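*Asks:* Before I ask anything, let me first share the structure, which is written out below as structure tokens.
The values are calculated or read from the model by the stated rules, or taken from the named source; none is laboratory data. Note that the coordinates shown come from a computational prediction; the quantities given were computed from them, not determined experimentally. We place every Cβ from the backbone using ideal geometry, glycine too, and count neighbours over all the protein chains shown. Just the protein is used for accessible areas: all its heavy atoms, side chains included, with ligands, DNA and RNA removed. Shrake-Rupley method; radii C 1.70, N 1.55, O 1.52, S 1.80 Å.
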Amino acid sequence: MKKVFILFLFYFMVLTHSMVYAQSPGLSIKLLDALSFTISQPQDFDLEYINTGKMKNRIVAKVPDHITVISSRGYEVRAVSGASNDRESQVSLTSHISKTNKGNTSGLVFGRGVQLEALNGSAVTVISSSNTSWNGINPENKFDIDYSLESTYSPAKGGVPPTIPVIFTVLQP
């Protein structure tokens, strides 16, 4: 009986170790949202000086293809102003779809004459989209930005022209 038991135990061990347990292969893919944001340095742009006849004058700069956004869902482009070298200067922004844009234009909302608060102000939305920038072929949206700087500066009186840095950010709400 001992021999039968040992033989049975031996066969049981051989069978359990020689069995192949089938496992089905699995693949887990997690897709994350795509977001890319580029601000181009313009080689040249038109600068227009407007004498308003009042104490303050305006300088307008129109920058084509200034912002490029690639996003797999809706997005917002926000702007905030930095420190000015002229305390009485104010900057406002107007955004447009670029003539070279080939991306999705549905769901876009543009800021027109958006006034930026002084230094340490809150960011304001310049461009927002409720949809992806992809149109099935081209993944990016291109935007033109018009900067309007209101200041007491006058080129006839000389001095240092006013400057206000503008900082852009993009986010997916």
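*Asks:* Of (1) farther than 30 Å from ASN141 by Cα; (2) of a type in the set (A, V, I, L, M); (3) at pLDDT 70 or above, VAL60 satisfies all except one. Which?
*Replies:* With respect to (1) farther than 30 Å from ASN141 by Cα; (2) of a type in the set (A, V, I, L, M); (3) at pLDDT 70 or above, VAL60 is out only on (1).
*Asks:* Please verify whether VAL114 is under 22 Å from GLN172 (Cβ atoms), of a type outside the set (Lys, Arg) and touching a residue at least 24 places away in the same chain (Cβ under 8 Å), treating the condition exactly as stated.
*Replies:* Numbers: under 22 Å from GLN172 (Cβ atoms): yes; of a type outside the set (Lys, Arg): yes; touching a residue at least 24 places away in the same chain (Cβ under 8 Å): yes.
It is true that VAL114 is under 22 Å from GLN172 (Cβ atoms), of a type outside the set (Lys, Arg) and touching a residue at least 24 places away in the same chain (Cβ under 8 Å).
*Asks:* Quickly run through segment 37-61 and pick out the residues that are in a strand (DSSP E or B) and open to solvent by less than 50 Å² (accessible area, probe 1.4 Å).
*Replies:* Result: ILE50, ASN57, ILE59, VAL60, ALA61.
*Asks:* Further question: For segment 121-153, give me each residue that is of a type outside the set (Ser, Thr, Tyr) and more than 18 Å from the chain's Cα centre (by Cα).
*Replies:* Start the filter on segment 121-153 by keeping residues that are of a type outside the set (Ser, Thr, Tyr), which leaves 121, 123-124, 126-127, 131, 134-146, 149-150.
Within segment 121-153, GLY121, GLY136, ILE137, LEU149, GLU150 qualify.
*Asks:* Which residues, taken from segment 22-54, are of a type in the set (Gly, Ala, Ser) and modelled with pLDDT of 75 or more? Write out each step before concluding.
*Replies:* Initially, segment 22-54 is screened for residues of a type in the set (Gly, Ala, Ser), giving 22, 24, 26, 28, 34, 36, 40, 53.
Of everything in segment 22-54, those that are of a type in the set (Gly, Ala, Ser) and modelled with pLDDT of 75 or more turn out to be GLY26, SER28, ALA34, SER36, SER40.
*Asks:* Every residue in segment 88-120 that is more than 15 Å from the chain's Cα centre (by Cα) and hydrophobic (A, V, I, L, M, F, W, C), please.
*Replies:* Result: VAL91, LEU93, VAL114, LEU116, ALA118, LEU119.
*Asks:* Next up: Take segment 118-147 and flag every residue that is farther than 19 Å from LEU35 by Cβ, touching a residue at least 40 places away in the same chain (Cβ under 8 Å) and open to solvent by 50 Å² or more (accessible area, probe 1.4 Å).
*Replies:* Result: SER122, single match.
*Asks:* Could you please find all residues in segment 62-111 being more than 30 Å from LEU31 (Cα to Cα), among the small types (Gly, Ala, Ser) and crowded, with 16+ Cβ neighbours inside 10 Å?
*Replies:* Filtering segment 62-111 for residues more than 30 Å from LEU31 (Cα to Cα) gives 62-64, 80-96, 99, 111.
When the remaining residues are screened for being among the small types (Gly, Ala, Ser), the result is 81-84, 89, 92, 95, 111.
If the condition is that a residue be more than 30 Å from LEU31 (Cα to Cα), among the small types (Gly, Ala, Ser) and crowded, with 16+ Cβ neighbours inside 10 Å, then SER81, SER84, SER89, SER92, SER95, GLY111 are the ones that fit.
*Asks:* In addition: Between a residue in segment 61-87 that is more than 26 Å from GLY103 (Cα to Cα) and of a type in the set (Asp, Glu) and any residue that is assigned to a loop (DSSP other than H, G, I, E, B) and open to solvent by 40 Å² or more (accessible area, probe 1.4 Å), which pairs come within a Cβ distance under 9 Å, given they are 6 or more apart or on different chains?
*Replies:* Pairs found: ASP86/THR152; ASP86/TYR153; ASP86/VAL160; ASP86/PRO161; ASP86/THR163.
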